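Notes to accompany the following structure.
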Protein chains: 2
Amino acid sequence: MDLHILDHRLRVTSISKTGLEHYTHPLIKLIFLRNRTRCKFFSLTETPENYTVVLDEEGFKELQPSEHLLVEGSIWLPLNVVSNGNASSSSQAVGVTKIAKSVIAPLAEQHVSVFMLSTYQTDFILVREKDLSVVVETLEEEFNIFREEGGESVPVQSQDTWKGLQRNGREVMQVTVHPVLIPENQFCVMSLDPDTLPAIATTLIDVLFYSNSPGEGASVNQDLECIKFFSFTLIDGYVSLVMDTEAQRQFPADLLFTSSSGELWRMVRIGGQPLGFDECGIVAQISQPLADSDISAYYISTFSFDHALVPEEDIVSVTEMLQAQRKDVPH
Amino acid sequence: MDLHILDHRLRVTSISKTGLEHYTHPLIKLIFLRNRTRCKFFSLTETPENYTVVLDEEGFKELQPSEHLLVEGSIWLPLNVVSNGNASSSSQAVGVTKIAKSVIAPLAEQHVSVFMLSTYQTDFILVREKDLSVVVETLEEEFNIFREEGGESVPVQSQDTWKGLQRNGREVMQVTVHPVLIPENQFCVMSLDPDTLPAIATTLIDVLFYSNSPGEGASVNQDLECIKFFSFTLIDGYVSLVMDTEAQRQFPADLLFTSSSGELWRMVRIGGQPLGFDECGIVAQISQPLADSDISAYYISTFSFDHALVPEEDIVSVTEMLQAQRKDVPH
């Protein structure tokens with residue numbers, strides 16, 4: 001299989017709930033006005049806590065610094081696994097499950113933090129630019145690694161100078177098992193023809209920028225049954241949307257499409273306290289048992305928490321699996 | 001004829017060119033999300049100097065005070081002339097020309113300032129609430145006057161207590177003839193089905209919020225040939241748009257409609273210096289000679305200047321008329 005290091009240098013940011021309206025102007029530009037921006041990688045995810053915005057440097061320029069904007073200090077690079085024709089995987093599962101053993105587990109073992117961003121089209125594994133040498137060294141046995149540069153794919157191999165330099169993380173991982181929350185909403189993972197984006201503009205603007213009644217942000221603590229979660233990504237011209245069925249009803253049914261099976265997904269939210277960006281192995285903790293059971297999963301990291309989406313019919317077994325995991329680990 | 005005092009209490013405001021993006025959130029709500037606001041009277045006009053926003057008190061609540069927002073101190077009430085079937089006017093002219101002699105001239109004589117807002121559908125004559133008694137007294141000979149209140153039209157007559165109280169303006173008017181500018185652009189006055197507003201949302205957002213390259217605001221002084229002028233109004237559910245043919249080309253041709261004759265209009269911009277709100281007779285100065293010649297005209301006041309739109313084929317005679325007017329008045 002091939003692993004591509006994509007030609008985007010990304011920032012991971014967070015906009016506060018009350019601060020979003022101050023960023024309406026740049027965000028609408030980034031979402032709808034492709035001719036006015038050179039941003040090629042844009043992701044906006046609303047959670048009860050805040051809005052996580054992941055975007056390339058061209059997009060990041062649009063966000064004026066303010067008290068409402070938090071910026072993670074690193075440059076992140078998106079990795080993308082491409083199954084070429086002769087991939088021998090017999091798994092029918094999609095999403096992070098496919099890459100759990102080949103990418104996520106090895107990176108966790110090397111103490112490389114990852115920020116996952118699943119979309120309708122593919123799964124992006126974001127790693128810090130400074131970890132790139134360790135990433136290449138770790139994954140080059142399993143993958144042909146290419147670096148995308150100006151539209152070309154250039155083969156990458158670990159350099160001798162990298163060897164041993166940073167490969168210092170082979171001690172036993174400190175395992176923290178984070179509490180999980182399993183809200184009641186059902187989610188859809190959808191896409192649409194980017195040319196029809198204007199047709200859903202007012203609905204999308206309404207949902208993204210105007211659907212929070214004042215003070216609603218705090219309501220997740222009182223009402224854990226359903227969670228506010230909405231994700232929009234526009235990456236290299238492809239649109240992906242993750243929303244619950246309640247939000248979906250606001251959109252015209254004929255423009256958004258999902259996979260032919262029309263699956264619904266349930267969410268496992270990871271983390272009782274904000275996770276931060278330095279802990280490793282969080283994705284692995286969830287994706288490993290899912291891979292063992294061949295259960296598909298999307299995985300979306302945000303500024304504060306991680307979110308796995310699993311098929312509705314698997315949520316009971318996933319819940320049991322996670323409960324068993326908690327028991328296995330000494331506190 | 002009937003004159004209706006409409007049930008809207010309006011504020012006249014101005015947003016600076018550089019400040020517009022800070023008002024993207026409330027303005028998009030007022031333009032596109034009718035379900036989220038109780039604002040029923042909204043008008044936004046871009047000129048080279050600023051954005052003039054006229055809106056009712058429900059809409060005004062959405063605009064947070066800031067250094068970018070100027071607010072005229074008065075409450076303004078919109079008047080609307082309704083030609084009932086038996087109106088004997090033989091004029092084919094439309095717009096302010098129809099009301100030049102019956103409304104605009106008498107109010108000017110009484111030193112009542114008016115703020116004109118022509119739309120595709122009708123012409124609104126805004127007067128200050130404090131001038132209402134004078135307005136009623138001045139116009140009641142010519143009109144049946146009604147006040148709209150909660151959907152009903154209530155007949156209004158001048159009260160004895162008003163008589164003589166404020167009718168103190170019969171001295172000779174001090175006439176200032178303001179310089180005019182006649183830019184080269186051709187304008188269209190258009191409407192669209194409000195239900196199709198979402199279909200032009202991204203284009204309208206692009207034109208309104210993103211079409212100013214930095215520093216462009218000053219360019220009117222260097223390049224007087226074409227003027228930046230774009231007006232959007234959403235009043236009682238009716239949409240009206242005034243834009244030049246260059247802006248028009250950005251919109252889908254099948255959604256916007258204009259009168260069957262598809263006329264193009266030329267602009268006469270009144271005022272070399274910002275006009276302010278207290279001078280009377282500015283509209284009358286333009287509309288009187290147009291009415292004498294039975295030339296149609298739309299008229300749009302903004303925070304700094306006034307703008308008359310006359311049919312393209314009449315622009316030469318209008319220009320000559322205005323030149324003659326300048327010569328008639330001693331400097």
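Quick note: the coordinates plus some simple rules give every number you see, no bench work behind them. The model shown is predicted, which means the values in this text are computed figures rather than measured ones. Cβ placement follows ideal geometry from the backbone for every residue including glycine, while neighbour counts extend to all protein chains displayed.
Just checking the output field for B:22-28: average partner chain Cβ neighbours within 10 Å of each residue's Cβ?
What the average comes to for B:22-28 is 6.
What does the copy distance list look like for A:N35, label position 7 Å along Cα→Cβ, in nm and ordered from shortest?
Counterpart label points of A:N35 in the remaining copies fall at 3.0 nm.
Given bins 10 angstrom wide, list per bin the percent of all Cα-Cα distances in segment A:274-331, short to long.
P(r) over segment A:274-331, rounded to whole percents: 20, 52, 27, 0.
Mind checking B:198-207 for the average number of partner chain beta-carbons within 10 Å of each residue's beta-carbon?
6
Check which residues have an amide H placed less than 5 Å from A:L264's amide H, if you skip close sequence neighbours.
A:E312
For B:Q273, place a label point 7 Å from Cα along the Cα-to-Cβ direction in every copy; what are the distances to the other copies, in nm, shortest first?
The projected label point of B:Q273 is separated from its counterparts by 6.6 nm.
Using the Cα centre of the protein assembly as shown as origin and beta-carbon charges of +1 (Lys, Arg) and -1 (Asp, Glu), tell me which of A:A284, B:S14, B:V207 is placed farthest towards the positive end of the dipole.
Comparing the listed Cα positions along the dipole, B:S14 ranks first.
Specify whether the C-alpha gyration tensor of segment B:11-80 places it in the rounded, prolate or oblate class, a ≥ b ≥ c being the square roots of the eigenvalues: rounded for a/c under 1.5, otherwise prolate if a/b is larger than b/c and oblate if not.
oblate
Considering amide H positions built from the backbone, and no H for Pro or chain starts, which residues 5 or more places from B:K40, or on another chain, come under 5 Å of its amide H?
For B:K40, the qualifying residues are B:D56, B:G59.
Set the bar at 31 Å for Cα to Cα. Now go through A:K61/B:K17; A:K61/A:K98; B:K29/B:K101; A:K17/A:K98; A:K29/A:K98 and name every pair that lies beyond it.
A:K61/A:K98; B:K29/B:K101; A:K17/A:K98; A:K29/A:K98
Counting just the Cα atoms, what span does segment B:1-137 cover along each of its three principal axes? Round to the nearest Å and put the largest first.
So the three principal-axis extents are 49, 30, 28 Å.
With Rg and the Kirkwood Rh both taken from Cα atoms, where does Rg over Rh land for segment A:224-331?
When Rh is taken as the Kirkwood radius, the ratio is 0.98.
Could you check which residue among B:L79, B:L30, B:L132 shows the biggest mean-square fluctuation in a GNM of chain B with a 10 Å Cα cutoff?
Most flexible of the set in this elastic network: B:L132.
What trypsin sites (Lys or Arg not before Pro) does segment B:239-308 have in DSSP loop regions with at most 16 other beta carbons within 10 Å?
B:R249
With the Cα gyration tensor of segment A:56-155 giving a ≥ b ≥ c as the square roots of its eigenvalues, does the rule (a/c under 1.5 for rounded; else a/b larger than b/c for prolate; else oblate) give rounded, prolate or oblate?
Prolate.
Show me, for segment A:292-304, the HN-Hα J-couplings you get by feeding each phi into the Karplus relation (A = 6.51, B = -1.76, C = 1.60, θ = phi - 60°), rounded to Hz, glycine and proline as x.
Karplus-based 3J(HN,Hα) across segment A:292-304 equals 4, 9, 6, 9, 4, 7, 8, 9, 10, 7, 10, 4, 10 Hz.
Which is farthest toward the positive dipole end of segment B:1-124 among B:L77, B:I31, B:Y51, measuring Cα position about the Cα centre, with Cβ charges +1 (Lys, Arg) and -1 (Asp, Glu)?
Result: B:I31.
Please work out whether chain B counts as rounded, prolate or oblate from its C-alpha gyration tensor, where a ≥ b ≥ c are the square roots of the eigenvalues and a/c under 1.5 means rounded, while otherwise a/b larger than b/c means prolate and anything else oblate?
It is rounded, given that a/c, with a ≥ b ≥ c, falls under 1.5.
Using just the helices of chain A, give the 222 nm mean residue ellipticity in deg cm²/dmol: DSSP H runs with n ≥ 4 each add -39,500 (n - 2.57), and the total is spread over all residues, rounded to 500.
Per the formula, -5500 deg cm²/dmol.
If you project the alpha carbons of segment A:108-150 onto the principal axes, what extent comes out on each, in Å, largest first?
29, 25, 20
Relative to the Cα centre, what is the charge dipole magnitude of chain A, using +1 at the beta carbon of each Lys and Arg, -1 at the beta carbon of each Asp and Glu, and rounding to the nearest 20 debye?
480 debye
Could you work out the relative contact order of chain B? I mean the mean sequence separation of Cα pairs under 8 Å and 6+ apart, divided by the number of residues, in percent.
It rounds to 24 percent for chain B.
For chain A, which longest stretch is free of loop sites, where a loop site is one of the GluC sites (Glu not before Pro) that DSSP puts outside H, G, I, E and B and that has at most 15 other Cβ atoms within 10 Å?
In chain A, the maximal stretch lacking such sites is A:68-139.
Quick check: convex hull over the Cα atoms of the protein assembly as shown, volume per residue in Å³, rounded to an integer?
So the per-residue Cα hull volume is 193 Å³.
Output ³J(HN,Hα) for segment B:130-145: one whole-Hz value per residue in order, computed from phi by the Karplus curve 6.51 cos²θ - 1.76 cosθ + 1.60 with θ = phi - 60°, and x for Gly and Pro.
3J(HN,Hα) across segment B:130-145, in whole Hz: 5, 8, 4, 5, 5, 4, 4, 4, 6, 9, 6, 5, 8, 10, 7, 9.
Could you tell me how far the Cα centroid of segment B:273-301 sits from the Cα centroid of segment A:252-294, in Å?
Value for the Cα centre distance between the two parts: 64 Å.
Collect residues whose amide H, placed 1.01 Å from N in the peptide plane, falls under 5 Å from the amide H of B:Y299; neighbours closer than 5 in sequence don't count.
So B:Y299 has HN proximity to B:V96, B:S118, B:L309.
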